[in-house]
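For reference, the structure is listed below as structure tokens.
The values are calculated or read from the model by the stated rules, or taken from the named source; none is laboratory data. Note that this is a predicted model, so its numbers are computed, not measured. SASA here: full protein model, heavy atoms, side chains in, ligands and nucleic acids out. Shrake-Rupley method; radii C 1.70, N 1.55, O 1.52, S 1.80 Å.
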Amino acid sequence: VSANLQLGGSIFKLSTAGAEPSQASGRDGYGFIINGCLSTKYLEKGTNYTANSLAATINCSNAITITLPSAVNFAGRIYTVKNSGTNTVTVATTSSQTIDASTNYVLASQWSKVTVQSTGANWIIIGD
């Protein structure tokens, strides 16, 4: 069983997972408490790519650059970039924004990863 929930311009899909219901409920008008599994968009990239609002996890297999979108107006947005190949993957920013005070972050070794979050002005590393 599933249903769509529209909040402003955003549509969220609510559904059951087997015998257990996956529930989403509003909290202070700023997001959700989710009881159950959370699934985010997974992408595999072998060429340069500019992340958008549909990406969450980006798995890279070649020597490429992943460019983050502007952090402005998107405080809280999170991306994880993983280097599954044997080449260097560069995570870059736009508009002179930074990732922990640097304009890029290099994933130099296979299986390395970084998770960044927007502050609304720049990006900070919240996991590596």
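Couple of notes before you dig in:
- In this view, the solvent-accessible surface of residue 112, computed with a 1.4 Å probe and all protein chains in place, comes to about 30 Å².
- Rolling a 1.4 angstrom probe over the protein heavy atoms with all chains in place gives region 51-107 an accessible area of 44 Å² per residue.
- For region 44-111, the spread of Cα positions along each principal axis, largest first, Å: 34, 25, 17
- Rounded to whole Hz, the Karplus (6.51, -1.76, 1.60) HN-Hα couplings of region 77-84, x for glycine and proline: 4, 10, 10, 10, 10, 10, 9, 9
- The H on the amide N of residue 65, modeled in the peptide plane, is under 5 Å from the matching H of 48, 49, 90, each at least 5 residues off or on a different chain.
- Accessible surface ranking that places the most exposed of 45, 113 first, with a 1.4 angstrom probe: 113, 45
- Hydrodynamic radius of region 74-122 by the Kirkwood approach over all distinct alpha-carbon pairs: 11.3 Å.
- Take residue 61: with every protein chain present and a 1.4 Å probe, its accessible area is about 60 Å².
- Were the residues from residue 49 through residue 102 laid out at 0.36 nm apart, the gain over their Cα-Cα distance would be 17.1 nm.
- Put 42, 79, 49 in order of accessible area, highest first, and with a 1.4 Å probe you get 42, 49, 79.
- Net lengthening on full extension, residue 67/residue 38 (0.36 nm per residue, minus Cα-Cα): 8.0 nm
- In this structure the amide hydrogen of residue 93, modeled in the peptide plane, comes within under 5 Å of the amide hydrogens of 68, none closer than 5 places in sequence on its chain.
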